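Below is one structure, written out as structure tokens; the observations come after it.
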Amino acid sequence: MLRVRRLLSKSLKLESPTAAGDTTADIINDFYFFNYAFCKDLGLPANKVSTFLCLMKTVIDADCATPSSESNSMEKSYARFEELLLKHSVERPPYSVGTFNREDVAAIVEHATNHYFRQFKLYKYIFTPKLMTTIKQVGCEGLEVVKGGRHLSDAMAMDLVVTFPEPEVDLEVKEERGGGEEKGEEKEGGDAL
């Protein structure tokens, strides 16, 4: 199995995985290996295997060459795949060569639908180059560049003591109440006024 993967990688001029973390090379090698395994399970001869692998390479390379947009959607990709498959299914020299028969075409369409187009967005995300924008601030004519703040771990430790004030009693209210009772007693005695 490893030998077959190396031969496919060499014949299709693919990147060979250099490090254990090189997932994109592993994914593309697995993609071609499972396409090859499909051809062997179907019992296709060498000319059909070669044509199918080249067809799938053309489709995935075209899909991953440009960023996602409406012009490079899954529908456009599937139309490109159908066009290439049709060119290799009908004998009309010099426009097309009849490599695949009707049964082969049905099996290829089912395989491509289930194993490539179902995961189209995943392949697109992994292999499409991403546009990255980096903004760098440079001092201009004596202007100072704002320095970054200190980390929270560098802050000084503070002991925070919270004290609550004693509730204040309004003494004037108590005096008025007490004073009113004395005045009332005087009124009863009749000495007032």
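All of the numbers you see were taken from the coordinates with simple rules; none came from a lab. The model shown is predicted, which means the values in this text are computed figures rather than measured ones. When we count neighbours, we look across all protein chains shown, and the Cβ atoms used for this are built from the backbone with ideal geometry, even at glycine.
Quick notes on this one:
- Between the amide H of residue 99 and those of 89, 90, distances stay under 5 Å, these residues lying 5 or more places away or on another chain, with hydrogens modeled in the peptide plane.
- In a DSSP loop and with at most 13 other Cβ atoms within 10 Å, the GluC sites (Glu not before Pro) in the stretch 78-137 are 91.
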